[in-house]
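A.B. asks: First the structure, which I've put down as C-alpha coordinates, then a few questions once you've had a look.
The values are calculated or read from the model by the stated rules, or taken from the named source; none is laboratory data. Computed from a prediction, not measured in an experiment: that's the story for all the values here. Glycine also receives a Cβ, built like all others from the backbone with ideal geometry; neighbour counts cover every protein chain displayed.
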Amino acid sequence: MSTPRPPTRFVPREDGSLRGVLASAGLDDEEAAGAVSEGRVFVGRTRARALDEPVVAMHEVTIHPRRATVPLPEPFVLHRQQGVLVVDKPAGIPTVPDLVGAHGALLDEASRAVSLPASSLHPTSRLDLEVSGVVTFATDARAAAKLASAREAGRYRRLYVAIASGSLEVERARWTWAIARDRDPRRRKAIDGEATDAKPSASRVVLVAHSTVGSATHSVLALAPETGRTHQLRVHAARAGLPLLGDALYGGPRRITSDKGSVRTLDRVALHCARVQIDLGDCIVDASSPVPPGMRALATALGFAEDVFEKALQCTP
(Lines give C-alpha, C1' and ligand atoms only; values in the text may rest on other atoms or scores of the structure.)
Protein backbone atom coordinates (compact mmCIF):
# COMPACT_ATOMS: atom_id res chain seq x y z
CA MET A 1 0.00 0.00 0.00
CA SER A 2 1.31 3.43 -0.88
CA THR A 3 1.58 6.32 1.57
CA PRO A 4 -1.62 8.42 1.33
CA ARG A 5 -1.28 11.95 0.02
CA PRO A 6 -2.04 14.74 2.51
CA PRO A 7 -5.30 16.72 2.18
CA THR A 8 -5.46 20.21 0.70
CA ARG A 9 -6.65 22.94 3.08
CA PHE A 10 -8.00 26.31 1.96
CA VAL A 11 -9.20 29.24 4.11
CA PRO A 12 -11.29 31.79 2.15
CA ARG A 13 -10.92 35.44 3.14
CA GLU A 14 -14.48 36.33 2.14
CA ASP A 15 -17.95 34.76 2.39
CA GLY A 16 -18.92 32.78 -0.67
CA SER A 17 -20.02 29.42 -2.01
CA LEU A 18 -18.22 26.12 -1.79
CA ARG A 19 -18.02 26.11 -5.59
CA GLY A 20 -16.05 29.35 -5.50
CA VAL A 21 -13.73 28.11 -2.77
CA LEU A 22 -12.96 24.90 -4.66
CA ALA A 23 -12.36 26.90 -7.85
CA SER A 24 -9.89 29.07 -5.92
CA ALA A 25 -8.21 25.88 -4.74
CA GLY A 26 -7.67 24.88 -8.38
CA LEU A 27 -10.58 22.45 -8.97
CA ASP A 28 -12.74 22.83 -12.07
CA ASP A 29 -16.49 22.17 -11.87
CA GLU A 30 -16.18 18.49 -12.76
CA GLU A 31 -13.40 17.84 -10.23
CA ALA A 32 -15.23 19.80 -7.54
CA ALA A 33 -18.52 17.96 -8.13
CA GLY A 34 -16.70 14.64 -8.01
CA ALA A 35 -14.92 15.46 -4.76
CA VAL A 36 -18.18 16.52 -3.11
CA SER A 37 -20.18 13.54 -4.39
CA GLU A 38 -17.48 11.19 -3.08
CA GLY A 39 -17.62 12.83 0.36
CA ARG A 40 -14.03 14.09 0.27
CA VAL A 41 -14.76 17.76 1.04
CA PHE A 42 -15.29 19.17 4.54
CA VAL A 43 -16.25 22.67 5.68
CA GLY A 44 -14.86 22.80 9.18
CA ARG A 45 -15.70 19.35 10.52
CA THR A 46 -18.87 18.91 8.45
CA ARG A 47 -18.89 16.88 5.24
CA ALA A 48 -20.01 19.04 2.33
CA ARG A 49 -23.15 17.91 0.46
CA ALA A 50 -23.50 20.37 -2.43
CA LEU A 51 -21.43 22.87 -4.40
CA ASP A 52 -23.84 25.71 -3.68
CA GLU A 53 -23.36 25.46 0.11
CA PRO A 54 -22.36 28.79 1.67
CA VAL A 55 -18.90 29.10 3.17
CA VAL A 56 -18.18 31.75 5.81
CA ALA A 57 -14.93 33.69 5.59
CA MET A 58 -11.99 32.16 7.50
CA HIS A 59 -13.73 28.77 7.81
CA GLU A 60 -11.30 26.08 6.69
CA VAL A 61 -12.25 23.90 3.73
CA THR A 62 -10.46 20.55 3.52
CA ILE A 63 -10.23 18.54 0.31
CA HIS A 64 -9.04 14.97 0.77
CA PRO A 65 -7.36 13.21 -2.16
CA ARG A 66 -9.10 10.33 -3.89
CA ARG A 67 -8.35 7.01 -2.24
CA ALA A 68 -5.68 4.92 -3.93
CA THR A 69 -7.08 1.83 -5.64
CA VAL A 70 -6.60 -1.37 -3.64
CA PRO A 71 -7.05 -4.65 -5.56
CA LEU A 72 -9.96 -6.74 -4.32
CA PRO A 73 -9.46 -10.45 -3.51
CA GLU A 74 -10.83 -13.09 -5.85
CA PRO A 75 -13.49 -14.08 -5.11
CA PHE A 76 -14.63 -10.86 -3.45
CA VAL A 77 -18.23 -11.93 -2.70
CA LEU A 78 -18.07 -14.99 -0.43
CA HIS A 79 -21.78 -15.47 0.30
CA ARG A 80 -25.07 -13.89 -0.73
CA GLN A 81 -28.33 -15.40 0.43
CA GLN A 82 -31.50 -14.42 2.35
CA GLY A 83 -30.41 -10.83 2.93
CA VAL A 84 -26.91 -11.72 4.11
CA LEU A 85 -23.90 -10.56 2.08
CA VAL A 86 -20.37 -11.65 3.02
CA VAL A 87 -17.31 -10.18 1.30
CA ASP A 88 -13.53 -10.43 1.58
CA LYS A 89 -11.97 -7.12 2.67
CA PRO A 90 -8.37 -6.32 1.72
CA ALA A 91 -6.16 -4.30 4.05
CA GLY A 92 -5.90 -0.64 3.05
CA ILE A 93 -9.58 0.31 2.73
CA PRO A 94 -12.06 1.17 5.50
CA THR A 95 -15.23 -0.82 6.04
CA VAL A 96 -17.40 2.31 5.79
CA PRO A 97 -16.70 5.79 4.35
CA ASP A 98 -14.11 7.84 6.22
CA LEU A 99 -12.58 11.29 5.69
CA VAL A 100 -11.40 10.22 2.24
CA GLY A 101 -15.03 9.61 1.33
CA ALA A 102 -17.19 6.77 0.11
CA HIS A 103 -15.33 5.91 -3.09
CA GLY A 104 -13.27 2.76 -2.62
CA ALA A 105 -14.53 1.99 0.90
CA LEU A 106 -15.66 -1.61 1.39
CA LEU A 107 -19.30 -0.49 1.54
CA ASP A 108 -18.91 1.18 -1.84
CA GLU A 109 -17.14 -1.82 -3.38
CA ALA A 110 -19.73 -4.26 -2.00
CA SER A 111 -22.69 -2.22 -3.24
CA ARG A 112 -21.26 -2.12 -6.76
CA ALA A 113 -20.37 -5.82 -6.70
CA VAL A 114 -23.98 -6.86 -6.06
CA SER A 115 -25.74 -3.91 -7.75
CA LEU A 116 -27.45 -2.68 -4.59
CA PRO A 117 -27.49 0.90 -3.25
CA ALA A 118 -24.95 1.49 -0.50
CA SER A 119 -27.76 2.73 1.75
CA SER A 120 -29.22 -0.80 1.80
CA LEU A 121 -26.04 -2.43 3.12
CA HIS A 122 -25.48 -2.51 6.89
CA PRO A 123 -22.21 -3.97 8.21
CA THR A 124 -22.73 -6.25 11.21
CA SER A 125 -19.03 -6.20 12.02
CA ARG A 126 -16.24 -3.87 10.96
CA LEU A 127 -12.58 -4.45 10.28
CA ASP A 128 -10.07 -1.66 10.79
CA LEU A 129 -8.44 0.03 7.80
CA GLU A 130 -5.18 -1.99 8.05
CA VAL A 131 -6.90 -5.34 8.82
CA SER A 132 -8.18 -7.84 6.24
CA GLY A 133 -10.71 -10.64 6.05
CA VAL A 134 -14.38 -11.56 6.25
CA VAL A 135 -17.01 -8.81 6.67
CA THR A 136 -20.76 -9.48 6.85
CA PHE A 137 -23.50 -7.10 5.70
CA ALA A 138 -27.27 -7.28 6.13
CA THR A 139 -29.14 -6.15 3.00
CA ASP A 140 -32.62 -6.00 4.53
CA ALA A 141 -34.25 -5.44 7.93
CA ARG A 142 -35.14 -9.10 8.47
CA ALA A 143 -31.55 -10.24 7.95
CA ALA A 144 -30.27 -7.43 10.17
CA ALA A 145 -32.54 -8.60 13.00
CA LYS A 146 -31.48 -12.23 12.58
CA LEU A 147 -27.79 -11.33 12.57
CA ALA A 148 -28.22 -9.16 15.69
CA SER A 149 -30.03 -11.99 17.43
CA ALA A 150 -27.26 -14.45 16.50
CA ARG A 151 -24.65 -12.10 17.92
CA GLU A 152 -26.54 -11.66 21.20
CA ALA A 153 -26.97 -15.44 21.53
CA GLY A 154 -23.30 -16.19 20.88
CA ARG A 155 -24.05 -17.83 17.52
CA TYR A 156 -21.95 -15.33 15.53
CA ARG A 157 -18.42 -16.71 15.67
CA ARG A 158 -15.26 -15.22 14.16
CA LEU A 159 -11.78 -16.70 13.91
CA TYR A 160 -8.77 -14.43 13.41
CA VAL A 161 -5.11 -15.20 12.84
CA ALA A 162 -2.34 -12.79 13.81
CA ILE A 163 1.41 -12.40 14.13
CA ALA A 164 2.46 -10.73 17.38
CA SER A 165 5.67 -9.47 18.95
CA GLY A 166 6.52 -11.54 22.02
CA SER A 167 5.23 -14.91 23.20
CA LEU A 168 2.20 -16.03 25.17
CA GLU A 169 3.32 -17.76 28.37
CA VAL A 170 0.44 -20.25 28.26
CA GLU A 171 -1.10 -22.19 25.39
CA ARG A 172 -4.55 -20.67 25.88
CA ALA A 173 -5.90 -17.54 27.49
CA ARG A 174 -9.06 -15.49 27.83
CA TRP A 175 -8.56 -11.73 27.99
CA THR A 176 -11.33 -9.85 29.80
CA TRP A 177 -10.07 -6.29 30.15
CA ALA A 178 -12.78 -3.70 29.65
CA ILE A 179 -12.15 -1.27 26.79
CA ALA A 180 -12.50 2.49 27.10
CA ARG A 181 -11.65 5.53 25.01
CA ASP A 182 -8.14 6.90 25.23
CA ARG A 183 -7.15 10.57 25.38
CA ASP A 184 -5.93 10.11 21.83
CA PRO A 185 -9.21 9.85 19.84
CA ARG A 186 -7.62 7.33 17.48
CA ARG A 187 -6.97 4.85 20.28
CA ARG A 188 -8.75 2.69 22.84
CA LYS A 189 -7.31 1.35 26.09
CA ALA A 190 -7.74 -1.81 28.17
CA ILE A 191 -8.49 -1.22 31.84
CA ASP A 192 -8.77 -3.38 34.95
CA GLY A 193 -11.17 -1.20 36.91
CA GLU A 194 -14.22 0.84 35.99
CA ALA A 195 -14.56 3.89 33.79
CA THR A 196 -17.59 5.84 32.67
CA ASP A 197 -17.28 4.77 29.04
CA ALA A 198 -15.62 1.37 29.57
CA LYS A 199 -17.34 -1.59 27.93
CA PRO A 200 -16.99 -5.21 29.07
CA SER A 201 -14.92 -7.14 26.55
CA ALA A 202 -13.63 -10.68 26.13
CA SER A 203 -11.26 -12.32 23.66
CA ARG A 204 -10.02 -15.91 23.54
CA VAL A 205 -6.54 -16.72 22.22
CA VAL A 206 -4.46 -19.78 21.38
CA LEU A 207 -0.69 -19.76 20.89
CA VAL A 208 -0.15 -21.63 17.61
CA ALA A 209 3.62 -21.27 17.28
CA HIS A 210 6.49 -18.99 18.24
CA SER A 211 9.77 -18.19 16.55
CA THR A 212 12.90 -16.38 17.68
CA VAL A 213 15.03 -14.35 15.29
CA GLY A 214 18.06 -12.81 16.96
CA SER A 215 16.79 -11.40 20.24
CA ALA A 216 13.20 -10.96 19.03
CA THR A 217 10.45 -13.52 19.61
CA HIS A 218 7.26 -13.57 17.54
CA SER A 219 4.06 -15.58 17.84
CA VAL A 220 1.33 -16.76 15.51
CA LEU A 221 -2.00 -16.56 17.32
CA ALA A 222 -5.54 -17.77 16.71
CA LEU A 223 -8.07 -15.39 18.24
CA ALA A 224 -11.83 -15.35 18.75
CA PRO A 225 -13.54 -12.19 20.04
CA GLU A 226 -16.59 -12.81 22.23
CA THR A 227 -17.57 -9.14 22.03
CA GLY A 228 -17.13 -6.61 19.24
CA ARG A 229 -15.47 -3.49 20.63
CA THR A 230 -13.48 -1.03 18.53
CA HIS A 231 -9.89 -2.29 18.09
CA GLN A 232 -10.67 -5.06 20.60
CA LEU A 233 -8.15 -7.72 19.54
CA ARG A 234 -5.43 -5.13 18.93
CA VAL A 235 -5.98 -3.53 22.35
CA HIS A 236 -6.16 -6.85 24.22
CA ALA A 237 -3.05 -8.20 22.51
CA ALA A 238 -1.08 -5.06 23.33
CA ARG A 239 -2.22 -5.14 26.97
CA ALA A 240 -1.09 -8.79 27.18
CA GLY A 241 2.39 -7.76 26.03
CA LEU A 242 1.83 -9.10 22.51
CA PRO A 243 1.40 -6.05 20.24
CA LEU A 244 0.57 -7.10 16.70
CA LEU A 245 3.19 -6.60 14.02
CA GLY A 246 2.59 -3.46 12.00
CA ASP A 247 0.27 -2.00 14.65
CA ALA A 248 2.22 1.16 15.48
CA LEU A 249 -0.86 2.68 17.17
CA TYR A 250 -0.59 0.08 19.95
CA GLY A 251 3.15 -0.43 20.12
CA GLY A 252 3.61 -3.02 17.40
CA PRO A 253 6.84 -2.79 15.36
CA ARG A 254 6.60 -1.47 11.81
CA ARG A 255 10.05 -2.75 10.81
CA ILE A 256 11.02 -6.41 11.12
CA THR A 257 14.40 -8.08 10.63
CA SER A 258 14.17 -11.57 9.13
CA ASP A 259 16.31 -14.58 10.03
CA LYS A 260 18.49 -13.72 7.01
CA GLY A 261 19.07 -10.16 8.19
CA SER A 262 16.84 -8.38 5.69
CA VAL A 263 14.66 -5.55 6.98
CA ARG A 264 10.97 -5.49 6.08
CA THR A 265 8.74 -2.43 6.52
CA LEU A 266 5.13 -3.39 7.27
CA ASP A 267 2.26 -1.51 5.63
CA ARG A 268 -0.59 -3.23 7.49
CA VAL A 269 -1.53 -4.78 10.82
CA ALA A 270 -0.76 -8.52 10.90
CA LEU A 271 -4.36 -9.41 11.77
CA HIS A 272 -6.76 -11.26 9.47
CA CYS A 273 -10.37 -12.40 9.98
CA ALA A 274 -10.10 -15.85 8.42
CA ARG A 275 -13.52 -17.32 9.09
CA VAL A 276 -17.03 -16.34 10.12
CA GLN A 277 -19.72 -18.86 11.14
CA ILE A 278 -23.22 -17.60 11.91
CA ASP A 279 -26.11 -19.81 12.97
CA LEU A 280 -29.23 -17.98 11.83
CA GLY A 281 -31.62 -20.71 12.94
CA ASP A 282 -32.90 -21.70 9.53
CA CYS A 283 -29.45 -21.72 7.92
CA ILE A 284 -25.75 -21.45 8.75
CA VAL A 285 -23.49 -18.90 7.10
CA ASP A 286 -19.92 -20.22 6.90
CA ALA A 287 -17.43 -18.06 4.99
CA SER A 288 -13.64 -18.14 4.87
CA SER A 289 -10.95 -15.79 3.58
CA PRO A 290 -7.48 -17.12 2.75
CA VAL A 291 -4.58 -15.58 4.65
CA PRO A 292 -3.16 -12.88 2.32
CA PRO A 293 0.18 -13.55 0.60
CA GLY A 294 1.80 -10.63 2.44
CA MET A 295 1.08 -12.14 5.85
CA ARG A 296 2.28 -15.54 4.68
CA ALA A 297 5.51 -14.02 3.37
CA LEU A 298 6.02 -12.23 6.69
CA ALA A 299 5.56 -15.47 8.63
CA THR A 300 8.05 -17.24 6.38
CA ALA A 301 10.59 -14.43 6.80
CA LEU A 302 10.28 -14.82 10.57
CA GLY A 303 11.03 -18.54 10.41
CA PHE A 304 7.54 -20.01 10.84
CA ALA A 305 6.59 -23.25 9.09
CA GLU A 306 4.74 -22.94 5.78
CA ASP A 307 1.62 -24.54 7.27
CA VAL A 308 1.50 -22.38 10.41
CA PHE A 309 -1.72 -20.64 9.39
CA GLU A 310 -3.36 -23.94 8.44
CA LYS A 311 -2.61 -25.07 11.99
CA ALA A 312 -4.08 -21.81 13.30
CA LEU A 313 -7.28 -22.37 11.35
CA GLN A 314 -7.70 -25.76 13.00
CA CYS A 315 -7.67 -24.18 16.46
CA THR A 316 -10.75 -23.48 18.53
CA PRO A 317 -9.94 -20.55 20.82
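A.B. asks: Look through the range 36-46, keep the residues that are in contact with a helix residue (DSSP H, G or I) (Cβ under 9 Å, 6 or more places away or on another chain) and modelled with pLDDT of 90 or more, and return whichever of them is farthest from Leu106 (Cα to Cα).
C.D. replies: Checking each candidate, the answer is Val43.
A.B. asks: For the range 41-68, what are the residues that are farther than 15 Å from Ser24 by Cα and among the hydroxyl-bearing types (Ser, Thr, Tyr)?
C.D. replies: Within the range 41-68, just Thr46 meets the criteria.
A.B. asks: Six or more apart or on different chains, Cβ atoms under 6 Å: show the pairs whose first residue is in the range 247-260 and on the phi > 0 side of the Ramachandran plot and whose second is part of a loop (DSSP other than H, G, I, E, B).
C.D. replies: Partner pairs satisfying both residue conditions: Gly251/Pro243.
This table checks each residue for (1) within 30 Å of Phe10 (Cα to Cα); (2) touching a Phe, Trp or Tyr at 6+ places or on another chain (Cβ under 6 Å); (3) surrounded by 16 or more Cβ atoms within 10 Å (Cβ to Cβ).
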| site | (1), (2), (3) |
| --- | --- |
| Leu78 | no, no, yes |
| Leu85 | no, yes, yes |
| Ala105 | yes, no, yes |
| Gly133 | no, no, yes |
| Ala141 | no, no, no |
| Arg157 | no, no, yes |
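A.B. asks: While we're looking at this one, here's another question. If the Cβ limit is 8 Å and pairs must be 6+ apart or interchain, which residue in the range 224-238 that is in contact (Cβ under 8 Å) with a residue 12 or more places away in the chain pairs with which residue that is assigned to a helix (DSSP H, G or I) and among the basic types (Lys, Arg)?
C.D. replies: Hits for this filter: Gly228/Arg151.
A.B. asks: Take the range 60-76 and flag every residue that is loosely packed, with under 14 Cβ neighbours inside 10 Å and β-branched (Val, Ile, Thr).
C.D. replies: Thr69
A.B. asks: Do you know which residues across the range 181-190 are modelled with pLDDT of 90 or more, surrounded by fewer than 19 Cβ atoms within 10 Å (Cβ to Cβ) and either in a strand (DSSP E or B) or of a type in the set (S, T, N, Q) (or both)?
C.D. replies: Within the range 181-190, none qualify.
A.B. asks: Pick from the range 191-214 the residues that are touching a helix residue (DSSP H, G or I) at 6+ places or on another chain (Cβ under 6 Å) and outside any loop (DSSP other than H, G, I, E, B): which of them is surrounded by the fewest Cβ atoms within 10 Å (Cβ to Cβ)?
C.D. replies: By that ranking, first place goes to Ala209.
A.B. asks: Let me ask something additional. Which residues, taken from the range 246-267, are of a type in the set (S, T, N, Q) and surrounded by 14 or more Cβ atoms within 10 Å (Cβ to Cβ)?
C.D. replies: In the first step, residues of the range 246-267 are kept if they are of a type in the set (S, T, N, Q); the result is 257-258, 262, 265.
Selection gives Thr257, Ser258.
A.B. asks: So, one more: Any idea which of (1) farther than 30 Å from Arg151 by Cβ; (2) in contact with a His (Cβ under 6 Å, 6 or more places away or on another chain) is the one Val100 doesn't satisfy?
C.D. replies: (1)
A.B. asks: Related question: Kindly establish whether Val56 is among the hydrophobic types (A, V, I, L, M, F, W, C), more than 16 Å from Pro7 (Cβ to Cβ) and not assigned by TED's automatic domain parsing to the domain that holds Ser17.
C.D. replies: Numbers: among the hydrophobic types (A, V, I, L, M, F, W, C): yes; more than 16 Å from Pro7 (Cβ to Cβ): yes; not assigned by TED's automatic domain parsing to the domain that holds Ser17: no.
Taking the combined requirement at face value, the residue does not satisfy it.
A.B. asks: Write out, first by first residue and then by second, each pair whose Cβ atoms fall under 7 Å of each other, whose residues are 6+ apart or on separate chains, and whose first residue, in the range 296-311, is more than 18 Å from Glu171 (Cβ to Cβ) while the second is among the small types (Gly, Ala, Ser) and surrounded by fewer than 21 Cβ atoms within 10 Å (Cβ to Cβ).
C.D. replies: Here the result reads Ala301/Ser258; Leu302/Ser211; Leu302/Ser258; Gly303/Ser211, each pair linking the range 296-311 to a residue that is among the small types (Gly, Ala, Ser) and surrounded by fewer than 21 Cβ atoms within 10 Å (Cβ to Cβ).
A.B. asks: Could you say which residue among Leu27, Leu51, Leu78, Leu22 is hydrophobic (A, V, I, L, M, F, W, C) and touching a residue at least 60 places away in the same chain (Cβ under 8 Å)? Talk me through it step by step, then tell me what you get.
C.D. replies: Values: Leu27 fails: touching a residue at least 60 places away in the same chain (Cβ under 8 Å); Leu51 fails: touching a residue at least 60 places away in the same chain (Cβ under 8 Å); Leu22 fails: touching a residue at least 60 places away in the same chain (Cβ under 8 Å).
Just one listed residue meets the conditions, Leu78.
A.B. asks: Kindly check whether there is at least one residue in the range 15-25 that is of a type in the set (D, E, K, R) and out of contact with any strand residue (DSSP E or B) (no Cβ under 6 Å at 6 or more places or on another chain).
C.D. replies: Residues of the range 15-25 of a type in the set (D, E, K, R): 15, 19.
Narrowing the set further to residues that are out of contact with any strand residue (DSSP E or B) (no Cβ under 6 Å at 6 or more places or on another chain) leaves 15, 19.
Looking for residues that are of a type in the set (D, E, K, R) and out of contact with any strand residue (DSSP E or B) (no Cβ under 6 Å at 6 or more places or on another chain), one finds at least one in the range 15-25, hence yes.
A.B. asks: Kindly evaluate Arg126 against the criterion of being over 22 Å from His64 (Cα atoms) and either acidic (Asp, Glu) or part of a loop (DSSP other than H, G, I, E, B) (or both). Break it down stepwise before answering.
C.D. replies: Details: over 22 Å from His64 (Cα atoms): yes; either acidic (Asp, Glu) or part of a loop (DSSP other than H, G, I, E, B) (or both): yes.
Criteria met by Arg126.
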